[in-house]
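Notes for the one structure printed next.
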Amino acid sequence: MNAAESSRREVSGSALVLVADHARVRLFAVPVPGAPLQEIEDLVNPSARQHEGDIVSDRSGHLDKGQHGGSSAGSEDGAKKHQADQFAKRAGDRLTALLATGAYRRICLVAEPGFLGLLRPHLSTAAQRAVVSEIAKSMAGKPTAEIRSILPKSV
């Protein structure tokens, strides 16, 4: 076996580690179990930091003759949840695309509990089968070494 074949074998057994919250998704490659994390992507959800009113215009507060102003809090909450769900879909699509390259066989998910719940339905069947570990913890803003320390040794 030459060096190129050896390299291909290591890559083909690589793991993907997704570390996420509602505002950020970081994707790491782990070429062999126990190896240091190699950050490959950092996705940001700008709407996670916006106020609800910046996402949805408040038309129901407009007063016409004989009408009372209303609140758009319900639609604002819905818009924020929709944006988070769309970000989870984007993360799931990206995981699926990376898995489809054949370079990765295993996935470890590390996400705040609420985002993990949003992400699961957006994982393809292949991605769901590749998940070897889930950790419900907010780590997206933590240093790489700290993230590595909470992962199973098999990842």
Residues being closer than 18 Å to Ser14 by Cβ and crowded, with 18+ Cβ neighbours inside 10 Å - total across the range 135-155
3
List pairs: first in the range 32-43 and exposed (fewer than 13 other Cβ atoms within 10 Å of the Cβ), second of a type in the set (Lys, Arg) and assigned to a strand (DSSP E or B), Cβ under 8 Å, 6+ apart or cross-chain?
Asp42/Arg24; Asp42/Arg26
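Pick out the one residue from Ala136, Ala84 that is at pLDDT below 95 and either closer than 14 Å to His22 by Cα or touching a Phe, Trp or Tyr at 6+ places or on another chain (Cβ under 6 Å) (or both).
Ala84
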Kindly provide the set of residues from the range 121-134 that are under 16 Å from Arg94 (Cα atoms), loosely packed, with under 15 Cβ neighbours inside 10 Å and hydrophobic (A, V, I, L, M, F, W, C), ordered by number.
Ala126
Condition check: modelled with pLDDT of 95 or more, of a type outside the set (Ser, Thr, Tyr), over 17 Å from Glu41 (Cα atoms) and crowded, with 19+ Cβ neighbours inside 10 Å. Does Leu118 satisfy that?
yes
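Here's a check for you: in the range 79-138, which residue that is among the β-branched types (Val, Ile, Thr) and in contact (Cβ under 8 Å) with a residue 24 or more places away in the chain is nearest to Arg26 (Cα to Cα)?
Val110
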Residues in the range 105-151 that are assigned to a helix (DSSP H, G or I) and not acidic (Asp, Glu): how many?
22
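The values are calculated or read from the model by the stated rules, or taken from the named source; none is laboratory data. For clarity, every value in this text was computed on a predicted model and none was experimentally measured. A quick note on method: Cβ atoms are made from the backbone with ideal geometry, for glycine too, and the neighbour counts reach across all protein chains shown.
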